[in-house]
Structures are given as C-alpha cells and as structure tokens.
Amino acid sequence: MLSRLLKEHHAKQNERKELQERRRREAIAAATCLTEALVDHLNVGVAQAYVNQRKLDHEVKTLQVQAGQFSKQTSQWISMVEGFNQALKEIGDVENWSAKIYCLSKH
C-alpha cells in the first residue's frame, strides 16, 4: 500500500512537472511571437522614417539648387534695374544739358 501511494505520488509529480514544462515552453513561444511582432512593427516605422528622411534630403537638395538659381537671377535683375536707372540719369543729364545749350543759344 505504501509503495502504491509512493508510485502515485511520483506519477502525479511527474505529471505536474510535464505540465509545468509544457506551459513554460508555451510561454516562451508566446513571448517569442510577441517579441517578433513588436520588432516587425517597429521596423515598419523605422523603414518609413528612413524613406521620409531620404525624400526630405532630396527636397532639401532641390530647394538649395533652386535657391541658388533664384539668387543668380535676382542679381541679374538688380544689375539690369541699376543699368536702367543709370540710363535714365544719363537721359536726364542729356536733357538738362540740351536745355542749357538751348537757353544759352537764345541769349
């Protein structure tokens, strides 16, 4: 009788150990799946951020080129306006000179 109780006790103990081991393996598998899902989710976000950063870098370079072109064109316009102003001054000087010559010739 005692040996039978001891065998039953060992059998139940083995069953509990097997159940505990099975649950431990299931918990490890579930944790692994969760970890992989989290990493995959984070990787998607990181990949999207990388793509966005590349787009921004490209846009910055394009904007720098366009700003340089605009600056050059603006400088050309300023030079043209300054030339036009100088020409107007010269016309005014010629007009003033001709008026003085005309006045002098009348006297």
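Data for the structure
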read-out: So Lys100, is it at pLDDT 95 or above and surrounded by 10 or more Cβ atoms within 10 Å (Cβ to Cβ); value: no
read-out: Hits in region 10-36 (condition: at pLDDT 95 or above, of a type in the set (A, V, I, L, M) and open to solvent by less than 80 Å² (accessible area, probe 1.4 Å)); value: Leu19, Ala27, Ala29, Ala30, Ala31
read-out: Matching residues, region 60-86, being within 37 Å of the chain's Cα centre (by Cα) and of a type in the set (Val, Ile, Thr); value: Val60, Thr62, Val65, Thr74, Ile78
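The values are calculated or read from the model by the stated rules, or taken from the named source; none is laboratory data. These numbers were taken from a predicted model, which means no experiment stands behind them. Cβ atoms come from the backbone with ideal geometry, glycine included; neighbour counts cover every protein chain shown. Ligands, DNA and RNA are excluded from the accessible area calculation, which covers all protein heavy atoms including side chains. Shrake-Rupley method; radii C 1.70, N 1.55, O 1.52, S 1.80 Å.
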